[in-house]
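The values are calculated or read from the model by the stated rules, or taken from the named source; none is laboratory data. Nothing here was measured: the structure is a model prediction, and the numbers come from that model. With ideal geometry, Cβ positions are generated from the backbone for all residues, glycine too; neighbour counts draw on all protein chains shown.
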6 protein chains.
Amino acid sequence: MRHDERKADQLRKVDIIKDFVIHPEGSVLITVGNTKVICNASVEDRVPPFMRGEGKGWITAEYSMLPRATEQRTIRESSKGKITGRTMEIQRLIGRSLRAVVNLNELGERTIWVDCDVIQADGGTRTASITGAYVAMVIALEKLVKAGKIKSLPITGFLAAVSVGVDSQAGEILDLNYIEDSNALVDMNIIMTSSGQLVEVQGTGEEATFTRNELNSMLDLAEKGIKLLIEHQKEVLGDISLLIEENEKKQVMSK
Amino acid sequence: MRHDERKADQLRKVDIIKDFVIHPEGSVLITVGNTKVICNASVEDRVPPFMRGEGKGWITAEYSMLPRATEQRTIRESSKGKITGRTMEIQRLIGRSLRAVVNLNELGERTIWVDCDVIQADGGTRTASITGAYVAMVIALEKLVKAGKIKSLPITGFLAAVSVGVDSQAGEILDLNYIEDSNALVDMNIIMTSSGQLVEVQGTGEEATFTRNELNSMLDLAEKGIKLLIEHQKEVLGDISLLIEENEKKQVMSK
Amino acid sequence: MRHDERKADQLRKVDIIKDFVIHPEGSVLITVGNTKVICNASVEDRVPPFMRGEGKGWITAEYSMLPRATEQRTIRESSKGKITGRTMEIQRLIGRSLRAVVNLNELGERTIWVDCDVIQADGGTRTASITGAYVAMVIALEKLVKAGKIKSLPITGFLAAVSVGVDSQAGEILDLNYIEDSNALVDMNIIMTSSGQLVEVQGTGEEATFTRNELNSMLDLAEKGIKLLIEHQKEVLGDISLLIEENEKKQVMSK
Amino acid sequence: MRHDERKADQLRKVDIIKDFVIHPEGSVLITVGNTKVICNASVEDRVPPFMRGEGKGWITAEYSMLPRATEQRTIRESSKGKITGRTMEIQRLIGRSLRAVVNLNELGERTIWVDCDVIQADGGTRTASITGAYVAMVIALEKLVKAGKIKSLPITGFLAAVSVGVDSQAGEILDLNYIEDSNALVDMNIIMTSSGQLVEVQGTGEEATFTRNELNSMLDLAEKGIKLLIEHQKEVLGDISLLIEENEKKQVMSK
Amino acid sequence: MRHDERKADQLRKVDIIKDFVIHPEGSVLITVGNTKVICNASVEDRVPPFMRGEGKGWITAEYSMLPRATEQRTIRESSKGKITGRTMEIQRLIGRSLRAVVNLNELGERTIWVDCDVIQADGGTRTASITGAYVAMVIALEKLVKAGKIKSLPITGFLAAVSVGVDSQAGEILDLNYIEDSNALVDMNIIMTSSGQLVEVQGTGEEATFTRNELNSMLDLAEKGIKLLIEHQKEVLGDISLLIEENEKKQVMSK
Amino acid sequence: MRHDERKADQLRKVDIIKDFVIHPEGSVLITVGNTKVICNASVEDRVPPFMRGEGKGWITAEYSMLPRATEQRTIRESSKGKITGRTMEIQRLIGRSLRAVVNLNELGERTIWVDCDVIQADGGTRTASITGAYVAMVIALEKLVKAGKIKSLPITGFLAAVSVGVDSQAGEILDLNYIEDSNALVDMNIIMTSSGQLVEVQGTGEEATFTRNELNSMLDLAEKGIKLLIEHQKEVLGDISLLIEENEKKQVMSK
C-alpha cells in the first residue's frame, strides 16, 4: 500500500481547465494531485534562424517553477543569471515530445512556444507539463485552422506523459508524488501516443540499478496511466478530439 | 467617461483569495480587473550578510511576469540571463513599501521573502503586487506569532497601493488599466497606510509634465482608492485585522 | 540649523564648467557642494531598433560612479558583471526626465547618449547628474543646429532637479548632502521645468511615512532650489538660453 | 548492411590507452571508431557544500568538446559565457551513471571529478565518455587504496555505455556513428553493469515514435555491446579487474 | 618632424595634480598631452583569499575609460557585462609593475587598490596610468606610515612608464599620441625604475616586425623619457621623495 | 646546471605531429618536453563585422587548457562563465603574432581560426601554442591554394616562439619548464621570424627588475632557440617549406 492509500497502478486526481489565462492562443491549468502547472501556447509567425527558408514550423518549450512552488523556497533562475541543468533537460524534453505528434511541414514557418510554469509542485511536474502543454498547443493550432492560416490540424495523435518508478516496499508504482519520488530506487518518465507508440523513455537508477523485468512492469503501468490521461485530454478538447482521432486513423492506414 | 465605462474615481473589481498555493507561509491570489498576481510570503531564519548581528529582521521582494501574462509574449529574464531595469525598480519598490509598516526590531533576525508573480497583466501590476503582498506577508507573520517565535504581530498599520494618472480626455483617473496606462500623459503610483500617511509617491510625465493642481487631484483619488483596497484586505484577513487596528491606535497615541 | 550651517532652503555651492572633456559633442563638469559629476553628451546618427523608421529621435542616459567617488571603495559594476538596481533606476530617471523637454520629432532619427560619471560623491548625485546632463545635451543639440543637421533647437524649456527631505530635527530641507541623506526620514527627488511644471516626483519614506503637508512643504522648497539651478544653467549656456526662452514662450502661447 | 559495412550488432574498433596525461590521478584516452575522448579523474579532499558532514563521497563529471572535434567548428562554451543544455544533460548523465557503481560511504568525504574532453567526434561521444570515465575513475580510486586513504576499492561492478537506434533501412543497430545518428528514427543510450543490471535507459524518437518490440530489440543489442566494452575495460585495468569481480560476487551473494 | 612638431625624443607636457578627489587615501590627476587619468589609491585591511596568513601585502589595479574619453563613444564594460581583453591586460600590467617597487613584506596583510580612470584619451593611457598610479600609491602608503600602521615607507625606488614606437617617417619616437600610435609600425611600452632597471618591456609589431637595432634605439628613448617623468613625480611628492631616494641608496649598497 | 640537467641554451625535446585530428583544415599536436598542445586551424569564409567589405582576411586564435593539463585541477572557464585575463592575453598574443607573417590582402575575406588546446602543461604553453599554431595555419592555407581559392601561399616567412628567463642560480636560460618558470626572476616570451626579425618581445620582472645586459643575453638565447624550432617546422611542413623560403627571399629583395 502507498502512503496516500493509492493502488500501485492508480493515478492521482487529474483536472485540466481550459482558457486559464486570457492572452495566450492556448492556455490550460493542469492539476495532478497537488501538482499544478499553467501551460500557455503562443504562436509566432517565424522560425528560429537555423530553420529559415525550409517552409517547416517549430515547437519549443520553456519550463519554470515559481520560487514557492516547492516546500522550501528556491532561488529564481533570473536572479542566478542562468538556467539550471534540470530546467534545460525538462524544456528540451517537452519540446521534443510535442514535436513527435506535430506535422511540422503542415504548420508552415511558424513557432509554437509552450510555456509551462509550475505554480505548485508535488512530483511529476515534467510529465504534467507535457500532458497539459499538449492540450494548450492543440487549442492554439486549432485557432490557426479557424483563422484560415493552416488548412487542417497538423496533429497526428494524442500524447501524454506519466512517471513510474520502483519503490523499495510497494515495488513498481504509477504517478509518483514528491515523497515517493524522493525515495524511489528507480525513476522513469514515459511519453506515449494514443496509438501506444513510445515517444520517449527515460529511466534512471540514481545510485541504484534495475532489471529488464522491472523495466517491463513499469512500461505496462505507464501505458495504463497514459490511456487515462488521454481520456482527460479528449474531454477538455471536445470536438477537436474527433479531428485528431481521424488524423490518427489516416496515419495508421497509410502505414 | 472611460473606455470601460468606469467613473474617474472608480476602482476595478478587486478580489483577494487566501491560501492560493499550499507550501508558502502566506499565499494569496489578488485580482484587480484582469490583472492577476500570485503573492507568496516565505520565512527564512536569517538576514542578508550586511544586516547580521543587529538583531533586526528584513523584508525583501521579487517580482516577475509569466511570458504570456502580456498580450505579446515577453522573453523570460532567466533566458536573457539578467533582470531588466523595470523589474529591479518594481521589486525594490515592493520591499521598501512593505518595510514601512513592519517593526523590523520585533521581527528578529529573520527575512520575509515576498514573491509576486504576475500570471495575467492588464495594468497596475506593481500596485496590485504591493496590495496583495501585504496580505501574504501579514499571514506569514501571524504564523510566526502563533508558533511562538515572535511575541506580537510586528505590523504598524495597513498598507495598499494604487495607480493614478492624467488622461488627455478623462483628466485625472484612478486605477488605470493597460490601455489607459499606455495613453496616459502622467503615470503615478501612490502607496499609503490606513492612517492616510504617504509611503511612496512616484509620478512620471513620460514626454510630458504636470502641475501642482493635477498632482493634488491625483493624490485625492489615490487616497479614496486605497481606503477601498484596505477594506478588501481587512475582509480577507478577518480577525488578524483587529490586531493591526489596535497596533495602529497604539502608534497614534504614542505620537 | 543644519550641520553644515545652511538654512533649510539653501542650496550648496553650485558650479558648472563647460567643455570639461574635449571629445564629446557636449561636456560639463557640475559641482554641487562636494558632489562632482562629469556629464558628456554624444550624438549617434541612428535610434535603437524598437524606434527605427518612425522619424523620431531618442535620448538615453548612463550613470556610473568611480570606485572611490565614495567614502568606502565600491566594487566596479564591470567587475561584478552586472549593473545594480540603483544604477538602473537612476539612468532610467535621467533619460526620462531629459526626454520631457525635447521635441523628439524635430530631433530626427538620432540618439543623444548622456553619460553621467560621478567622480566625487556627497549626496544628490542623481539630481546633479540631471541638472548637468541637461546642459551637456543642449550644447550637443546646438552643434547639430549649427551644422545644419536640424533646423532649430528642439528644446521646449529648461530642466533641473534637486533633492528635498524631512530631517528629524531640521524638518523639511533642500539639497541634502550625504550625512543628511543617510539620516533623513523622507527622501524625495523633484524634477521641474522653468515654467514650474513637474516632470518627476519621487518621494520615499524608507521605514517611515509622511503627510500631505510635508509633501507640499518639500515641493515648495524644491521649486525654489530648481529656479536657482536654472539660473546657473542659463549663465553657462549664454546665448543659447535666449533660444530656449523663446521656445518656451511659443509653447505657452500655443496652449 | 550499414554504410561502413558493419553488421547490425557490431561495435566499432575500441581502444583504451592508460596514463594518457601525466598529471591526473586517473587518465585514459578512449577511441571508439573515429570518436576520441580524453577522460581524466581528479581526487579532491572535500565534497560540495550540500553534502558536508555526512561522511559520504561524491562523483561529478564535466564534458566538453574541442571546437574542431566536429566537422564544423563550434563556438567554445567559455566564449559564449554559458554551458549549453546538451552539455549539461551529458555531464549530469555521466556523473549519475558512475555513482551507480560506487559505494559513496566507503569513499569518505572526497569528490572524484571526471573530465571528459572530446578531441574528435564521430557519434557516441557521451557513451564513449562513460565507458572511458569509468576506467579513469577506477584507476584514481585504486591510488587512494594504495595510499591507504581508503580501505578497499569502493566499486560494486563494471559499467559501460553504448548507443543503439532504429535505422529506416538497417532496422535496429548497435553503436551508431555520426551519419547513422543523424538519420536514425530512434536514438537510445543504454548504460549497464557487468551483472546485466540497467543503470540508465534514454530512448528518444525525435519527430518519430517506436514500439515495445523495437525497444526490446535495442536493449538486446545494447546488452551484447556492453559486454564487449567491459572486456576492453578489464584488459586495460589488469589486476584491478579481479578486485572488482570479487566485489561484484559479494554483492550478488549478499542480496 | 612629428605632426605636433615635437622632436623624436620629446615628451608631451606632463602635469600631476595631488588630492584631486577627496575620499581616497591617495589621489592624483595625471595629464600627459591630452591624456588625462584620475589615479586613486585605496587601502584595504586584508589581502585576497589566496594570500591570507602569509603576512604579506598586495597591490592590485583596475583600469577603465569613460565612454567619451575617446573620439568615438565606446560602450561601457558594465553594460556589456564583461571586461575586455585589452582592459584585463592593462590592469594586470599596472598591478605587476607597481609591485616591483614595493616591499610587500613590510606592507603587512593589506591590499592597495589603485583605480586608474581615463577621463580623456590621446594615446599612452596605460603608461600615464602607471606613472600616476605610482604617485597615488606612495601618498596612500605614506599615510599608513604617518598613522603608525607600518614602520617605514615600503618603497624601493621610483617607477614610471612611457611608450615608444617606430614611425614609417620619423623613425623611433618617444611618447606617442593617438594619431602616432594608430600609424606606428611598432608599439612598445617600457617601465623602468629610477636606478635604470627594467621592470617590463612589451614590444609588438602588429602586422610588422622590428630589428634588434630598432629595439635598442627605442630602449634609449624610453630611458630618457622615464628620467623626466620621475622628475615630475619627485616634484609633486616633495619631501616623501627624499625617503624614497634613501631607500634606493640602501638597496644599491646592500647588493 | 639546470634541475633537468639541460644547458642554459638547450631546448627541451620538440615533436610536431601532423593531422592529429581528422576534421580541421590544419591540425598538429606539438610536444615540447612535457607540454602538449593540440593546434587546429579552421577556415571560415567570412571576416568579423568590423572588417567586412575591405577585401582583407583575418587570423584569430583561441587558447584553452584542459582542467587537468595542470598539476592541480583548474576550474573550466565555461563553468565560471567567463574567460580569465591570462587566457585573453595569450589568445590575443597568438593571433597578433600569426598575423605578422600573413599577407591578409592575399587571403581575401576569410578568417582562419586557430584553436590551441593544451592537454598537458609543463611551462611554455603559450610559446608552444604559437610554434604549433603556425604549422596548423600554414597547412590550412595550403589547402586553400590547392583548392584554387587563393593564388599562392600568403605567408611571408617562418615564425616561432620561445620563452627565456633569468634564474637566480643558472642566470639567463632558454625554454623554461614549469618549475623554472615559477622560480624565475624574469620571464620573457620572444617571437621571431626566420629572417631574425622580432615580432613580439614581452619581458616581465614579477616583483623584480632586470638590466639591459640581461635583456640582451636573453634575446641571444631566444634567437638560437627559435632557429631550432623553425627547423622542426620545416621538417614537418616538407615541400611547403620551399614555398615559404621563396616568399621570404622575394620579400628581402623587394626591400
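Inside region C:7-43, can you point out the residues that are outside any strand (DSSP E or B), in contact (Cβ under 8 Å) with a residue 40 or more places away in the chain and over 26 Å from residue C:150 (Cβ atoms)?
The answer is C:8, C:9, C:10, C:11, C:12, C:33, C:34.
Tell me whether region A:228-235 contains one or more residues that are closer than 19 Å to residue D:201 by Cα, of a type outside the set (Asp, Glu), buried (at least 22 other Cβ atoms within 10 Å of the Cβ) and in contact with a strand residue (DSSP E or B) (Cβ under 9 Å, 6 or more places away or on another chain).
Scanning region A:228-235 turns up no residue that is closer than 19 Å to residue D:201 by Cα, of a type outside the set (Asp, Glu), buried (at least 22 other Cβ atoms within 10 Å of the Cβ) and in contact with a strand residue (DSSP E or B) (Cβ under 9 Å, 6 or more places away or on another chain).
Mind checking whether some residue in region D:203-213 is among the hydrophobic types (A, V, I, L, M, F, W, C) and either touching a helix residue (DSSP H, G or I) at 6+ places or on another chain (Cβ under 6 Å) or part of a helix (DSSP H, G or I) (or both)?
Checking region D:203-213: not a single residue is among the hydrophobic types (A, V, I, L, M, F, W, C) and either touching a helix residue (DSSP H, G or I) at 6+ places or on another chain (Cβ under 6 Å) or part of a helix (DSSP H, G or I) (or both).
Can you find a residue that is hydroxyl-bearing (Ser, Thr, Tyr) and assigned to a helix (DSSP H, G or I) anywhere in region E:217-226?
Yes: region E:217-226 contains one or more residues that are hydroxyl-bearing (Ser, Thr, Tyr) and assigned to a helix (DSSP H, G or I).
Considering each of D:110, D:99, D:126 in turn, give the residue that is basic (Lys, Arg), more than 10 Å from every other protein chain (Cβ to nearest Cβ) and closer than 20 Å to residue D:227 by Cα.
Matching residue, one of D:110, D:99, D:126: D:126.
For residue F:196, all conditions in the list (1) at positive phi; (2) buried (at least 24 other Cβ atoms within 10 Å of the Cβ) hold save one; what is the number of the exception?
(2)
For (1) in contact with a helix residue (DSSP H, G or I) (Cβ under 8 Å, 6 or more places away or on another chain); (2) farther than 29 Å from residue E:21 by Cβ; (3) aliphatic (A, V, I, L, M), each residue gets a yes or a no:
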| site | (1), (2), (3) |
| --- | --- |
| C:28 | yes, no, yes |
| C:32 | yes, no, yes |
| C:37 | yes, no, yes |
| C:42 | yes, no, no |
| C:46 | no, yes, no |
| C:54 | no, yes, no |
| C:58 | yes, yes, no |
| C:63 | yes, no, no |
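For region F:151-183, how many residues are outside any strand (DSSP E or B) and within 14 Å of chain E (Cβ to nearest Cβ)?
5
If a residue must be under 23 Å from residue A:136 (Cα atoms), surrounded by fewer than 19 Cβ atoms within 10 Å (Cβ to Cβ) and more than 14 Å from chain B (Cβ to nearest Cβ), how many such residues does region A:41-56 contain?
So the count comes out to 1.
Okay, residues lined up against (1) over 22 Å from residue A:106 (Cβ atoms); (2) among the β-branched types (Val, Ile, Thr); (3) out of contact with any Phe, Trp or Tyr (no Cβ under 6 Å at 6 or more places or on another chain):
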| site | (1), (2), (3) |
| --- | --- |
| A:155 | no, yes, yes |
| A:171 | yes, no, yes |
| A:181 | yes, no, yes |
| A:186 | yes, yes, no |
| A:193 | no, yes, yes |
| A:216 | yes, no, yes |
| A:221 | yes, no, yes |
| A:229 | yes, no, yes |
| A:242 | no, no, yes |
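Do we find a residue being outside any loop (DSSP other than H, G, I, E, B), at pLDDT 95 or above and surrounded by fewer than 21 Cβ atoms within 10 Å (Cβ to Cβ) anywhere in region E:110-117?
yes
So which of A:22, A:83, A:75, A:38 ends up being over 18 Å from the mean Cα position of the chain (by Cα), within 10 Å of chain B (Cβ to nearest Cβ) and surrounded by 19 or more Cβ atoms within 10 Å (Cβ to Cβ)?
On inspection, the qualifying residue turns out to be A:83.
Being crowded, with 21+ Cβ neighbours inside 10 Å, assigned to a loop (DSSP other than H, G, I, E, B) and facing another protein chain (nearest Cβ under 9 Å), is that true of even one residue in region F:62-69?
Within region F:62-69, one or more residues are crowded, with 21+ Cβ neighbours inside 10 Å, assigned to a loop (DSSP other than H, G, I, E, B) and facing another protein chain (nearest Cβ under 9 Å).
I'd like the residue in region A:86-124 that is among the polar types (S, T, N, Q) and under 18 Å from residue A:138 (Cβ atoms) and, out of all such residues, is farthest from the chain's Cα centre (by Cα).
It comes out as A:105.
Given (1) outside any strand (DSSP E or B); (2) within 26 Å of residue A:120 (Cβ to Cβ), identify the lone condition not met by residue A:144.
(2)
Which condition does residue F:211 not pass, out of (1) in contact with a Leu (Cβ under 6 Å, 6 or more places away or on another chain); (2) among the hydroxyl-bearing types (Ser, Thr, Tyr); (3) loosely packed, with under 15 Cβ neighbours inside 10 Å, if it passes all the others?
For residue F:211, the failing item is (1).
Here is a yes/no grid of residues against (1) closer than 24 Å to residue D:166 by Cα; (2) in contact with a helix residue (DSSP H, G or I) (Cβ under 9 Å, 6 or more places away or on another chain); (3) of a type outside the set (S, T, N, Q):
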| position | (1), (2), (3) |
| --- | --- |
| A:150 | no, yes, yes |
| A:164 | no, yes, yes |
| A:189 | yes, yes, no |
| A:195 | yes, yes, no |
| A:200 | yes, yes, yes |
| A:220 | yes, no, yes |
| A:234 | no, yes, yes |
| A:239 | no, no, yes |
| A:246 | no, no, yes |
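Select from region A:155-192 the residues that are farther than 14 Å from residue A:203 by Cβ, charged (D, E, K, R) and over 19 Å from the mean Cα position of the chain (by Cα) and list them in ascending order.
A:167, A:180
Looking at region A:108-118, can you tell me whether even one residue there is more than 30 Å from residue A:246 (Cα to Cα) and hydroxyl-bearing (Ser, Thr, Tyr)?
Checking region A:108-118: not a single residue is more than 30 Å from residue A:246 (Cα to Cα) and hydroxyl-bearing (Ser, Thr, Tyr).
If I ask for residues that are more than 14 Å from residue B:212 (Cβ to Cβ) and not in a strand (DSSP E or B), which ones from region C:188-202 would you list?
C:194
Could you tell me whether residue E:91 is surrounded by fewer than 20 Cβ atoms within 10 Å (Cβ to Cβ), among the polar types (S, T, N, Q) and within 10 Å of another protein chain (Cβ to nearest Cβ)?
no
Can you name the condition, by its number, that residue E:201 falls short on among (1) surrounded by fewer than 21 Cβ atoms within 10 Å (Cβ to Cβ); (2) within 24 Å of residue E:13 (Cα to Cα); (3) facing chain F (nearest Cβ under 10 Å); (4) not hydroxyl-bearing (Ser, Thr, Tyr)?
(1)
Just give me the residues in region E:204-248 being within 10 Å of chain F (Cβ to nearest Cβ) and either at positive phi or among the hydroxyl-bearing types (Ser, Thr, Tyr) (or both), in sequence order.
Within region E:204-248, E:204, E:207, E:209, E:211 meet the criteria.
Testing residue F:139 on (1) more than 28 Å from residue E:84 (Cβ to Cβ); (2) more than 14 Å from every other protein chain (Cβ to nearest Cβ); (3) touching a residue at least 60 places away in the same chain (Cβ under 8 Å), one condition comes back false. Which one is that?
For residue F:139, the failing item is (2).
Of all residues in region A:172-193 being polar (S, T, N, Q) and modelled with pLDDT under 95, which is surrounded by the fewest Cβ atoms within 10 Å (Cβ to Cβ)?
Here the residue is A:182.
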